[in-house]
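Notes follow once the structure below has been shown.
The values are calculated or read from the model by the stated rules, or taken from the named source; none is laboratory data. Since the model is a prediction, treat every value here as computed from it, not as a measurement. Using ideal geometry, Cβ is built from the backbone for each residue, glycine included, and neighbour counts are taken over all protein chains shown. Note: accessible area is taken over every heavy atom of the protein model, side chains too, but ligands, DNA and RNA are not part of it. Shrake-Rupley method; radii C 1.70, N 1.55, O 1.52, S 1.80 Å.
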Amino acid sequence: MAADVLLADRIDLARTLDAAPPRSRGVWALLLRRPTFTLSAVVIVWWVFVAIAWRWLGLDPFADTGVKLAPPGPEHWFGTDRIGRDVFARVLAGAESALLIGPLGTLIATALGTALGLVAGYRRGWVDQLFMRTFDVFLALPTLIFLLVIVGAFGSSPLVLAAAIGVLFAPGIARIIRAEVLVEMGKDYVTSAQVQGERTGRILARELLPNVWPQVAVQAALSIGGAVFVASSLSFLGLAAAPPSPDWGLAVNENRAYLQGAWWTLVFPTLAIASLVVSVNLVADNLKEVLRG
């Protein structure tokens, strides 16, 4: 009896030591010391604020100012487009669609990819092989062709586009989470949980997920930039947003003919896309370096 109690105590101790997330304290302090992270985070927060509050700021991206193709100046900071609409108002309003489809698709991809990766890494065997071969098929599909098929079959609503991006990005996340789970499977806390007869769902959610969570966060951050870029590409091709939407990708497509004569109509939406995508990728890179450091 005493031996059983001692064994149980050792098992609980091993689980506690192995399951404790490394470097859980001070991560934010380390990140905030990095100028690239701080600056990128400020840019992201700015675009999130603008996407939510542009209507409250009194901006009207659809109003005709009466002055067509006016260059940037005190009255119109980013100039006006070929219809006379204020480019500054349209760039700020365009953040709404950019931060709707991309992040929502990333959320779907992260949830789906994490769940599949956990199951594949834990079950292994034929389950793992089935998942991996299915992932290989999705990863081999050309991104735009896959999205073209989805849009043609189900329409171009934001929910459909987000779901398509989620399905497209999920296999890549799943493969990385699976690799992390395979590393964790050799540790004592997983073995002890299995010996104690814990259910598979509990082991995945309470034991493995907290230990692979840093990798989940990194993959989610990395995927947001790609998802935003893909969503803007769909708008550029006319498959997502439609006129008179202020969507950034659509604005680039509509004004590409004015690059020489009215460069501001094209440059500012392009810079908006680039600033958001680059900032998200820099945040993800800093997060990865701190969590792995």
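The range 164-218 and the range 108-141 have Cα centres lying 12 Å from one another. Largest accessible area first, the listed residues 188, 86 line up as 188, 86 when surface is computed with a 1.4 Å probe on the assembled protein chains. Within the chain, the longest run free of chymotrypsin sites (Phe, Trp or Tyr not before Pro) that sit in a DSSP loop with at most 15 other Cβ atoms within 10 Å is 78-262. To the nearest 10 degrees, how steeply does helix 264-292 sit against the main Cα axis of the chain, on a 0 to 90 scale? The helix 264-292 is inclined about 20 degrees to the chain. According to the Cα-based calculation, Rg over Rh for the range 139-293 is 1.12, with Rh computed by the Kirkwood formula.
Taking 85, 123 and ordering them by how much accessible surface each has at a 1.4 Å probe, largest first, produces 123, 85.
Estimated at the nearest 10 Å², the accessible area of residue 247 is 10 Å² with a 1.4 Å probe. Computed from phi, the 3J(HN,Hα) profile of the range 200-217 under the Karplus parametrisation 6.51, -1.76, 1.60 (θ = phi - 60°) reads 4, x, 5, 5, 5, 7, 9, 10, 7, 4, x, 8, 9, 4, x, 5, 4, 4 Hz, with x in place of Gly and Pro. Dividing the C-alpha radius of gyration of the chain by 2.2 N^0.38 Å, with N its residue count, gives 1.24. Principal axis analysis of the Cα atoms in the range 208-288 yields extents of 55, 24, 14 Å, listed in decreasing size. State whether the range 81-147 is rounded, prolate or oblate according to the following rule on the C-alpha gyration tensor (a ≥ b ≥ c being the square roots of its eigenvalues): a/c under 1.5 gives rounded; otherwise a/b larger than b/c gives prolate, and the remaining case gives oblate. Oblate, because a/c is 1.5 or more while a/b does not exceed b/c. Counting only alpha carbon atoms, the long axis of helix 35-53 and the longest principal axis of the chain meet at about 60°. Residues whose amide H lies under 5 Å from that of residue 80, counting only those 5 or more places away or on a different chain, are 69, 70, 87; hydrogens are built 1.01 Å from N in the peptide plane.
Surface composition of the range 139-293: carbon plus sulfur atoms hold 65% of the accessible area, using a 1.4 angstrom probe and ignoring ligands, DNA and RNA.
The angle between the Cα long axis of helix 158-184 and the longest principal axis of the Cα atoms of the chain comes to about 30 degrees, rounded to the nearest 10. The string of couplings for the range 222-230 from the Karplus curve (6.51, -1.76, 1.60, θ = phi - 60°) is 5, 6, 4, x, x, 5, 4, 5, 5 Hz, one whole number per residue in order, with x for Gly and Pro.
Across the range 136-185 the C-alpha pair distances fall into 5 Å bins from zero in the proportions 5, 19, 24, 18, 13, 9, 7, 4, 1 percent.
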